[in-house]
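Heads up, the thing below is written out as structure tokens.
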Amino acid sequence: MKLVPSIYSSFRFEGDTVVGITHEIIIAYDGYDYHFDPYEVEVNLRQGKVFISGGTNANGYIHPHVTDESANICWGNIGHLVNRLAGELDLFGLFQLVHQFLTTYNANDPYQKIAKWNPDWEEEDEDNEPYCSWCDEYGHDISECVSCWWCEHCQQYYDHDEENCPNRPREEEEVTHELVEETA
């Protein structure tokens, strides 16, 4: 059987190993095309194992589901099929499946988020966002006074109770009462 030329640019045999070289890989995800340099897919016929190298490195990862060590490949739900095809020496099916794997992205379980391969990607700086340890969330407005802090979102106070906090939200009745006292 012959693999379709558009999937792999070439194949070579090296002892007990068959190596397939892909063309550039493009993963379309969330309205953006992510470009990866060609990969080398090695199938060791004696061991029945698949190794992947090449690609475009981003923080030690050559693909969202492959580390640069190639020993760590997160096959997801096709792992059993990769092992079966390698064990049966079904090279045609195996190389087809690995190519399909390289052109897809599972946002639920990557080693590295695909956005990091976007040349315009910038790390979000969570240090600048307020963080509330009560609700374990970023982006909540945390107010501080001399003796406490409190989170408006979860209404939690630290260091004293709500009654004694100058930052606490005031009832409309209290505000009206204060205005009457001040104008009198």
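Residue count for the range 28-83, restricted to those that are of a type in the set (Phe, Trp, Tyr) and under 22 Å from residue 14 (Cβ atoms): 2.
Filtering 33, 68 for residues that are modelled with pLDDT under 95, of a type in the set (Asp, Glu), surrounded by 14 or more Cβ atoms within 10 Å (Cβ to Cβ) and in contact with a strand residue (DSSP E or B) (Cβ under 9 Å, 6 or more places away or on another chain) leaves a single hit, 68. For residue 97, the conditions (1) part of a loop (DSSP other than H, G, I, E, B); (2) free of Cβ contacts under 8 Å to residues at least 40 places away in the same chain; (3) under 19 Å from residue 25 (Cα atoms) all hold with the exception of (1).
Is it fair to say residue 52 is crowded, with 21+ Cβ neighbours inside 10 Å, free of Cβ contacts under 8 Å to residues at least 60 places away in the same chain, in contact with an Asp or Glu (Cβ under 6 Å, 6 or more places away or on another chain) and not acidic (Asp, Glu)? Here the answer is no, as residue 52 does not meet what is asked.
Considering only the range 34-56, state which residues are of a type in the set (A, V, I, L, M, F, W, C) and either on the phi > 0 side of the Ramachandran plot or not in a strand (DSSP E or B) (or both). The answer is 45, and nothing else.
The values are calculated or read from the model by the stated rules, or taken from the named source; none is laboratory data. Predicted model only: the values in this text are computed from it and were never measured. Every residue, glycine among them, receives a Cβ derived from its backbone with ideal geometry; neighbour counts consider all protein chains shown.
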